[in-house]
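Worksheet: one structure, shown below.
The values are calculated or read from the model by the stated rules, or taken from the named source; none is laboratory data. Source: prediction; values computed, not measured. As a convention, Cβ positions derive from the backbone with ideal geometry for all residues, glycine included, and neighbour counts pool all protein chains shown.
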Amino acid sequence: MSTKKNRFSEETNIVHGIDHSPTTQDLVAPIHMTSTFKFDDFDHGAGVFDGSQPGYVYTRIANPTVDCLQEKIALLEGGAAAIATASGMAAIAAVTMTLAGPNDNFIACNSVYGGTFALFNDHLRKFNISPRFVSPGKANVIDRVASLMDSNTRFMFVETPANPTLAIINIELWAYLADQYQIPLVVDNTFASPYLQKPLDLGARIVIHSATKYLGGHGDIIGGIVVGEKAMVQHIKTEYMDHFGPVMSPFNAWLILRGLKTLAIRMDRHSTTALKIALGLENHPKISQVYYPGLESHPDHQVAKKQMKMFSGILGFDLKGGRPSAKTLLNNVKLCTLAVSLGDCDTLIQHPASMTHSTYSEKDLKAAGIDQGLVRLSLGLEHPDDIMDDLENALDAIEG
Ligand SMILES: Cc1ncc(COP(=O)(O)O)c(C=O)c1O
């Protein structure tokens, strides 16, 4: 359940800042580019350190601009507290390495960002923390998840919509299951943004973002966010962030605060454009399937409709001609930019099997349903007709 409510509508909360400078009356939070903070005298310094006096110590521990972003995202996600991190991967590492230790395991969907998959599958194993992967889209998912749980299972981790398959996880159902085992459900909400989906309201205990994407929204920063209950967030901060140190710079926090002001209108536009393009591509002769949760043909369209306000700006499609066709398409787009990342003003196109998900083995790609013909598209804010024309021209370049 969300712990933080106020009387304003979502769009208003998105625009209004959290005022950290009541004395200077800034409309926009200033950038506090300082490594450290001065103490008045010995007792003040000792008091700030032991928490008996308010104040800042050092930017790795806390910074007013970063605090401002953390409070704003906590408000938008309906959480009690948040931590800003140097990247989305830093957020995922901080959460997973705090919640699990040697000899522990966790459940994760097998369709996740390639960097997340590598962290789970290659690096956490070195600490004797074992991922147990499940395919979210196949039948009896809840029974399959339950069969993987034991007394050393520490959390469940999902992305929804999932990268790059656009699979939808029923957050309420998974949260219920996690609750039965008294473990937290962690949701990577990067693809939706808090404007379109609020996992904490659906029972998740922790939300993660790559703030690099829709939160920043302009393709000019790398950042991450963790949101949740106060005690849990504080635990992640003291156990991991303060001493491993992957914190966000105040400048990046400021850029994300700036980007956030337009989150609602950007997400509305990304979503309407993506639906238009998904419908336009759905019956294209060179495409075997379009993956977009807003399409009625998506197997979890009804779940998406229930837990999302709109369906966001990312879609995938399988080309009948496989990898050679994907290569031709990506070499022939002119408006769409061939680049990884997503959630930017610019439309970005990429080939997961050879790019974002090249960390997967051929077998893992197959298990996750990531074909060599799959192309991922992040719809930007250009005119949808121009994007569609560009895609159609590039599709025409594919032989057959
Ligand atoms: C869903 C998702 N989560 C996490 C990440 C990692 O975020 P970052 O690149 O900011 O470290 C990404 C990156 O693409 C992503 O797509």
Q: Taking the residues in segment 195-238 that are of a type in the set (D, E, K, R) and without any contact (Cβ under 8 Å) to a residue 40 or more places away in the chain as candidates, determine which candidate is nearest to Glu172 (Cα to Cα).
A: Arg205
**Q.** Residue match in segment 137-155 (condition: touching a strand residue (DSSP E or B) at 6+ places or on another chain (Cβ under 7 Å), surrounded by 24 or more Cβ atoms within 10 Å (Cβ to Cβ) and within 18 Å of Asn189 (Cα to Cα))
**A.** no
Q) Quick check: is even one residue across segment 12-20 of a type in the set (Gly, Ala, Ser) and either at pLDDT 95 or above or exposed (fewer than 14 other Cβ atoms within 10 Å of the Cβ) (or both)? A) no
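Tell me, please, whether a residue that is over 30 Å from Gln372 (Cβ atoms) and either aromatic (Phe, Trp, Tyr) or within 16 Å of the ligand (Cβ to nearest atom) (or both) can be found in segment 272-279.
In the first step, residues of segment 272-279 are kept if they are over 30 Å from Gln372 (Cβ atoms); the result is 272.
Subsequent filtering for residues that are either aromatic (Phe, Trp, Tyr) or within 16 Å of the ligand (Cβ to nearest atom) (or both) retains none.
No.
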(Q) I'm told Leu255 meets every condition in (1) over 16 Å from the mean Cα position of the chain (by Cα); (2) in contact (Cβ under 8 Å) with a residue 60 or more places away in the chain; (3) within 16 Å of the ligand (Cβ to nearest atom) except one. Can you identify the failing condition by its number? (A) (2)
Q. When you look at Ala326, is it surrounded by 22 or more Cβ atoms within 10 Å (Cβ to Cβ) and in contact (Cβ under 8 Å) with a residue 40 or more places away in the chain, yes or no?
A. yes
Q: Scan segment 329-347 for residues that are without any contact (Cβ under 8 Å) to a residue 60 or more places away in the chain, of a type outside the set (Val, Ile, Thr) and under 15 Å from Thr190 (Cβ atoms) and jot them down.
A: none
Q | Close pairs (7 angstrom Cβ cut-off, 6 or more residues apart or separate chains): closer than 16 Å to Gln307 by Cβ in segment 172-194, at pLDDT below 95 and surrounded by fewer than 24 Cβ atoms within 10 Å (Cβ to Cβ) anywhere | A | Leu173/Ile142; Leu177/Ile142; Leu177/Val145; Leu177/Ala146
Q | Hits in segment 191-232 - residues which are more than 19 Å from His270 (Cβ to Cβ), part of a loop (DSSP other than H, G, I, E, B) and more than 10 Å from the ligand (Cβ to nearest atom) | A | Gly203, Ala204, Arg205, Glu229
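What residue, among those in segment 322-346 that are polar (S, T, N, Q) and more than 16 Å from the ligand (Cβ to nearest atom), is nearest to Gly369 (Cα to Cα)? Quick ask: steps written out before the conclusion?
As a first pass, look at segment 322-346 and keep what is polar (S, T, N, Q): 325, 328, 331-332, 337, 341.
Applying the additional criterion that residues be more than 16 Å from the ligand (Cβ to nearest atom) yields 325, 328, 331-332.
Numbers: Ser325: 18, Thr328: 22, Asn331: 24, Asn332: 25 Å.
Going through the qualifying residues, I end up with Ser325.
What is the residue count in segment 19-58 for residues that are within 18 Å of Met248 (Cα to Cα) and of a type outside the set (Ser, Thr, Tyr)? Quick ask: steps written out before the conclusion?
Initially, segment 19-58 is screened for residues within 18 Å of Met248 (Cα to Cα), giving 20, 29-37, 56-58.
With of a type outside the set (Ser, Thr, Tyr) added as a condition, the list becomes 20, 29-33, 37, 57.
The total comes to 8.
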Q | Matching residues, segment 25-65, being among the hydroxyl-bearing types (Ser, Thr, Tyr) and more than 34 Å from the chain's Cα centre (by Cα) | A | Ser52
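Within the group Phe311, Phe317, which residue is more than 16 Å from the ligand (Cβ to nearest atom), touching a residue at least 12 places away in the same chain (Cβ under 8 Å), buried (at least 23 other Cβ atoms within 10 Å of the Cβ) and within 19 Å of Ser271 (Cα to Cα)?
Details: Phe311 fails: more than 16 Å from the ligand (Cβ to nearest atom).
Just a single option satisfies the conditions, and that option is Phe317.
I'd like to verify a number: residues in segment 361-379 that are hydroxyl-bearing (Ser, Thr, Tyr) and over 17 Å from Ala167 (Cα atoms), how many?
Going residue by residue through segment 361-379, those that are hydroxyl-bearing (Ser, Thr, Tyr) are 361, 378.
Retained after the next criterion (residues that are over 17 Å from Ala167 (Cα atoms)): 361.
Total satisfying the criteria: 1.
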Q) Among Asn110, Asn103, which is on the phi > 0 side of the Ramachandran plot, of a type in the set (S, T, N, Q) and at pLDDT 95 or above? A) Asn103
Q) Which of the residues spanning segment 355-392 are outside any loop (DSSP other than H, G, I, E, B), among the acidic types (Asp, Glu) and more than 30 Å from His218 (Cβ to Cβ)? A) Glu362, Asp364
Q: Pull up segment 26-49, narrow it to residues that are assigned to a helix (DSSP H, G or I) and not charged (D, E, K, R), then point me to the one that is farthest from Leu260 (Cα to Cα).
A: Phe42
Q | Test for Gly78: is it surrounded by 14 or more Cβ atoms within 10 Å (Cβ to Cβ) and under 26 Å from Thr116 (Cβ atoms) | A | yes
